[in-house]
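Colleague: Before we start, here is the structure in question, set down as structure tokens.
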Amino acid sequence: MDATSSSFKIILGSSSVARRKILSEMGYEFTIMSADIDEKAIRKEKPEELVVALAEAKADAIISNLQNIHTHEKEAEPTVLIAADTADAILGRLSTDDFMKDAEPTLLITSDQVVIYEGVIREKPASKEEARQFLKDYSGGHAATLGSVLVTNLKTGFRKGEWDRVEIFFNEIPDEVINKLVEEGTVLYVAGGLIIEHPLILPYVKEVVGTTDSVMGLPKALTEKLLKEAM
């Protein structure tokens, strides 16, 4: 997909600074919309299923918001109801059909990420204490990130999502470094409190089996592949 000549608009369904940076590095221009969903309400046994389900829920929420905007813009236009059906059902169907019909060629990218430590799924730390324990666990050991990318074509309705896994091995991380990271607060807003690109923790990263962009939340190769397939 040619980032400069594509006729498709792109929406990044994330408020993540790291994901914005990665998509910009890939050469794309895009707008940002974030999804307000209750991530804790979505549970799956397998982490691969969880991250894809969360990306799908984010996409659904953003599409719903876009449909609501479209509906409000169409409010002044007359609507003909068919007597054999209910008004609510007709209006709902017209809103969705009109939205898809009127939508500009647009690709929506949503994603999610968890950290896997000793087979247990870790999401964003619930507290400073939990973030501190997460980082202590990684010290001298290893964890994995599991991230999903989902691309939805808003014109055709095509949707496809996949996931990417990266293994990360750490040297011993000094307690003072862990305390600085926790007090700074960035680790509280990322899955598993894991942020290997941070200058405080980078010196203690022993090996990354996979790509750094995937650890940061948006694997470039997978995103490019799904964008091409969704066109």
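Colleague: Among the listed residues V151, V182, which satisfies the condition of being closer than 28 Å to K9 by Cβ and among the β-branched types (V, I, T)? Break it down stepwise before answering.
Modeller: Values: V182 fails: closer than 28 Å to K9 by Cβ.
Sole residue among the options that is closer than 28 Å to K9 by Cβ and among the β-branched types (V, I, T): V151.
Colleague: Looking at the stretch 9-59, which of its residues are basic (K, R) and either more than 14 Å from Q113 (Cβ to Cβ) or out of contact with any Gly (no Cβ under 8 Å at 6 or more places or on another chain) (or both)?
Modeller: So the first thing to find is which residues in the stretch 9-59 are basic (K, R), and the list is 9, 19-21, 40, 43-44, 46, 58.
Hits for the stretch 9-59 are K9, R20, K21, K40, R43, K44, K46.
Colleague: Let me ask another. Out of K40, K44, which single residue is within 27 Å of D164 (Cα to Cα), modelled with pLDDT under 95, part of a loop (DSSP other than H, G, I, E, B) and open to solvent by 90 Å² or more (accessible area, probe 1.4 Å)?
Modeller: Values: K40 fails: part of a loop (DSSP other than H, G, I, E, B).
Being within 27 Å of D164 (Cα to Cα), modelled with pLDDT under 95, part of a loop (DSSP other than H, G, I, E, B) and open to solvent by 90 Å² or more (accessible area, probe 1.4 Å) holds for just one of K40, K44, which is K44.
Colleague: In the stretch 10-29, how many are open to solvent by 20 Å² or more (accessible area, probe 1.4 Å) and more than 17 Å from V215 (Cα to Cα)?
Modeller: So the answer is 2.
Colleague: What are the pairs with Cβ atoms under 8 angstrom where one residue, in the stretch 29-46, is of a type outside the set (A, V, I, L, M, F, W, C) and the other, located anywhere, is open to solvent by 50 Å² or more (accessible area, probe 1.4 Å) and outside any loop (DSSP other than H, G, I, E, B)? Sequence gap at least six, or different chains.
Modeller: T31/K9
Colleague: I'd like the full set of residues that are surrounded by fewer than 19 Cβ atoms within 10 Å (Cβ to Cβ), among the hydroxyl-bearing types (S, T, Y) and more than 28 Å from Q67 (Cβ to Cβ), limited to the stretch 106-138.
Modeller: Y117, S127, listed by residue number.
Colleague: I would also like to ask the following. State whether the residues of the stretch 69-89 include one that is part of a helix (DSSP H, G or I), at pLDDT below 95 and buried (at least 16 other Cβ atoms within 10 Å of the Cβ). Show your work before the answer.
Modeller: The first filter runs over the stretch 69-89 and keeps only residues part of a helix (DSSP H, G or I), leaving 69-73, 87-89.
Next cut, at pLDDT below 95 only: 69-73, 87-89.
Now narrow it down to the ones that are buried (at least 16 other Cβ atoms within 10 Å of the Cβ): 70-71.
Scanning the stretch 69-89, I find at least one residue that is part of a helix (DSSP H, G or I), at pLDDT below 95 and buried (at least 16 other Cβ atoms within 10 Å of the Cβ), so the answer is yes.
Colleague: Next up: Where in the stretch 139-231 are there strands (runs of 3 or more DSSP E), lying wholly inside it, with at least 1 residues that are open to solvent by 20 Å² or more (accessible area, probe 1.4 Å) and among the basic types (K, R)? Break it down stepwise before answering.
Modeller: On the way: elements: 142-153, 159-170, 205-209.
In the stretch 139-231, 159-170, 205-209 are the strands (runs of 3 or more DSSP E) which contain 1 or more residues that are open to solvent by 20 Å² or more (accessible area, probe 1.4 Å) and among the basic types (K, R).
The values are calculated or read from the model by the stated rules, or taken from the named source; none is laboratory data. Not measured: the values here are computed from a predicted model. Neighbour counts are summed over all protein chains in view; Cβ atoms, including those assigned to glycine, are modelled from backbone coordinates with ideal geometry. These accessible areas exclude ligands, DNA and RNA; they are computed on the full protein's heavy atoms, side chains included. Shrake-Rupley method; radii C 1.70, N 1.55, O 1.52, S 1.80 Å.
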